[in-house]
Amino acid sequence: MLLNDNSLVHEDMRAFYENFPRSSHPMGILSSMANALRSFYPELQNLEEEINITVTRLLSKIRTMAAMSYKISRGHRVVYPRPDLTYGANFLNMMFDTPVRSYDIDEDVVNALNVFWILHADHEQNCSTSAVRMVGSARVTLYAAISAEIAALWGPLHGGANQAVIEMLSDIAASKNMRRVIERAKDRNDPFRLMGFGHRVYKTFDPRMKIMKKMCDTLLNKLNISDPLLDVAVELEQIALKDDYFIDHNLYPNVDFYSGIVMRAIGIPTNMFTVMFAIGRLPGWIAQWKESQDDPNWKLCRPRQIYMGPTETNYIPLKER
C-alpha cells in the first residue's frame, strides 16, 4: 500500500526529463533525478518518520522514474502506475503499455524480473555499496547518497557488466566466427575477455548464476523468441560448460551472463540493463546506509594513503633547471 501511495512522481519533474538530450544514458538521468527528489520532497521534522517516508519514496519512485526515462527517450506518453498491479508488474506495464497496444502481463516474466531484482539486492562491499557508506558518512541526505551509488554502479566493471554481455554477443553475431572468439578467450596474450564469465569473488560457480539460469531457460522455452543474439548466447554457454580450458580455469557463466539474456528476452533495451540493476540493488544500498546511520560510533569515512615515492630529493634552483 505504501509503495503504491508513493509511486507517483511530481509532475514538475517531467520538465527535467523532457529537457535531457534524447541521447542521454538512462543511468545519468536516473542519478541526477534521484538527487533532485530532495528538492521536491522537503525533510520532515520527525527523524524516524523522515527516514521511513524517504525510503518508501525511493523504493517506489525510482522504479517509476526509470520507466519514465525510457518512455520519454522514445517520445512516448508516460504510463502511470496502477494500484491493482504488483511492484514488478507495474514496472513492466509502465515500460511497455501504449495507447495503441496494451501490455499483456505474463506472470512468468514478472517472476523472472522479481528473481533478477532479489538476486541483485545486496552483495557484500562492492564498489557502489562501499560508495553509499563513504558518501553517507558525510551525513548527506539519502537521496544524495543513492545518487552517488547509481553513478558508481554505472561503470562497465560493476553494474554495466550485463550490458557488456549483450554488446559482446552482438559483436560475436556480427563476426559469425565463434571458434575465433573462443581461441582469443584462451590466449593469455590477447586483451580480449569474455564478458559474463568468471567472477572476482566466486572462484568456482557464482551461486546466483544457477537461479538466474533456471529463469533464463524457463523464459526462452516459453516465449520461443527468435533472436540471433540469444542463439549466440546459448551456443557460447554450451561451449564454455564443456570446454576443458574453461572448466580447468573455473570460467563458468556468471549471473551477469544470464541476467543480460533474461533482460533481453523480457524486452528491456540494452541501455536500460544497468538501471534494472540499480532498482534491484536499491534496498541493499538503503540497508547499508541505514546500518551506518544507526551506528552510535559512526564517523566520517577518511581513508588514509601511504606515500610510496622518494623519501628525499635535492632541490634544484629554477635557473639551473
Hits in the range 267-300 - residues which are part of a loop (DSSP other than H, G, I, E, B) and small (G, A, S): G267
Out of the residues in the range 54-99 that are in a loop (DSSP other than H, G, I, E, B) and of a type in the set (A, V, I, L, M), which is nearest to N114 (Cα to Cα)? L85
Would a scan of the range 305-314 turn up a residue that is among the hydroxyl-bearing types (S, T, Y) and within 25 Å of the chain's Cα centre (by Cα)? no
Is at least one residue of the range 75-89 at pLDDT below 90, among the charged types (D, E, K, R) and over 29 Å from D294 (Cα atoms)? yes
Residues within the range 109-140 that are touching a residue at least 60 places away in the same chain (Cβ under 8 Å), surrounded by 14 or more Cβ atoms within 10 Å (Cβ to Cβ) and part of a helix (DSSP H, G or I), tallied: 14
Apart from one, (1) in a helix (DSSP H, G or I); (2) polar (S, T, N, Q); (3) over 19 Å from the mean Cα position of the chain (by Cα) all hold for N162; the odd one out is (3)
Selection count, the range 277-321, where residues are in contact with a helix residue (DSSP H, G or I) (Cβ under 7 Å, 6 or more places away or on another chain) and farther than 16 Å from T129 by Cα: 1
From R281, R304, grab the single residue that is of a type in the set (D, E, K, R), at negative phi and at pLDDT 90 or above. R281
Would you point out the residue of the range 201-243, among those that are among the polar types (S, T, N, Q) and either in a helix (DSSP H, G or I) or under 23 Å from L113 (Cα atoms) (or both), that is modelled with the highest pLDDT? T218
Give me a count of the residues in the range 1-27 that are in contact with a helix residue (DSSP H, G or I) (Cβ under 8 Å, 6 or more places away or on another chain) and closer than 20 Å to W154 by Cα. 7
Output the residue which, of all residues in the range 21-40 that are in contact (Cβ under 8 Å) with a residue 24 or more places away in the chain and part of a loop (DSSP other than H, G, I, E, B), is surrounded by the fewest Cβ atoms within 10 Å (Cβ to Cβ). R22
Tell me whether the range 244-266 contains one or more residues that are more than 23 Å from the chain's Cα centre (by Cα), assigned to a helix (DSSP H, G or I) and among the charged types (D, E, K, R). yes
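The values are calculated or read from the model by the stated rules, or taken from the named source; none is laboratory data. Since we're looking at a predicted model, the values are computed, not measured. A quick note on method: Cβ atoms are made from the backbone with ideal geometry, for glycine too, and the neighbour counts reach across all protein chains shown.
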